[in-house]
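Only one structure is covered here, and it is reproduced in the block below.
The values are calculated or read from the model by the stated rules, or taken from the named source; none is laboratory data. Please read all numbers here as calculations on a predicted model, not as lab measurements. Note: ideal-geometry Cβ built from the backbone for every residue, glycine included; neighbour counts use all protein chains shown. Ligands, DNA and RNA are excluded from the accessible area calculation, which covers all protein heavy atoms including side chains. Shrake-Rupley method; radii C 1.70, N 1.55, O 1.52, S 1.80 Å.
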Amino acid sequence: MNNNQAINEIVETTIDLYRDNEAQDVTYSRIEEQLGKKEGYVFLYFDHKADLVSTCVETLADRLVENMVQILRESGSVVGRFLKMDKALKDTIALMGCLTDGQDRNLEDASIVTQARTKRYQDLAAAFEVFIEDGNAQGVFHADRPEEKAVFIAFGLQGLRCCCGNELRKQAAFYQCMESILGTDLKNYLKIAA
């Protein structure tokens, strides 16, 4: 097994353990036990638990972006796509909260945005543009300049991920901003679907 495979295996196991356990119960020993590895195995790849947690959070954030791009590019109701996107965002933020033990992340904790990550957000912006155009066509949104607004929303999500961690009030503020940008009442659609 090469280093990347070992790191991915450790990260996946750690995420699974955090999903199913309290933060204080997820230790290197527990991860190693789950992997069937000897004591010290995780330490070979992650000197500090904070590094492992940061890698897990970044992995989840990248998956969220990929998932959102896929949802936004689906055909059909914009409201249905928005609801799927909302659920994906809330589920990921909740799991990130478990990983960070409820503490906020800030810009100092955020890793440098790589070219690959920037490309993902550009893909997200392109998917949001189509989503906004579909919403306009379906009469759900009333947004001019979809391309500019899509870029703002996509990179706003990047800022939300980096700076807000699991703070739902900041997520709510972001949604208010989206409502203004899209010219619609998103809360109304969430209530109707519930």
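Of note, residue 155 satisfies the criterion of being open to solvent by 50 Å² or more (accessible area, probe 1.4 Å), within 29 Å of residue 57 (Cβ to Cβ) and either at pLDDT below 75 or part of a helix (DSSP H, G or I) (or both).
Looking only at residues of the stretch 39-64 that are among the β-branched types (Val, Ile, Thr) and in contact (Cβ under 8 Å) with a residue 40 or more places away in the chain, we find that the one that is least open to solvent (accessible area, probe 1.4 Å) is 57. Of all residues in the stretch 141-152, none satisfies the criterion of being of a type in the set (Val, Ile, Thr) and crowded, with 20+ Cβ neighbours inside 10 Å. Given the criteria among the hydroxyl-bearing types (Ser, Thr, Tyr), surrounded by 13 or more Cβ atoms within 10 Å (Cβ to Cβ) and modelled with pLDDT under 90, does residue 100 qualify? Yes; evaluated as a whole, the condition is true for this residue. If I ask for residues that are surrounded by 17 or more Cβ atoms within 10 Å (Cβ to Cβ) and closer than 17 Å to residue 184 by Cβ, which ones from the stretch 69-83 would you list? Matches in the stretch 69-83: 72, 78, 79, 81, 82, 83.
Of (1) more than 29 Å from residue 172 (Cβ to Cβ); (2) open to solvent by 30 Å² or more (accessible area, probe 1.4 Å), residue 94 satisfies all except one. Which? Residue 94 satisfies every listed condition except (1). Could you tell me whether the stretch 175-193 includes any residue that is in contact with a Cys (Cβ under 9 Å, 6 or more places away or on another chain), open to solvent by less than 20 Å² (accessible area, probe 1.4 Å) and at pLDDT 70 or above? Scanning the stretch 175-193, I find no residue that is in contact with a Cys (Cβ under 9 Å, 6 or more places away or on another chain), open to solvent by less than 20 Å² (accessible area, probe 1.4 Å) and at pLDDT 70 or above, so the answer is no.
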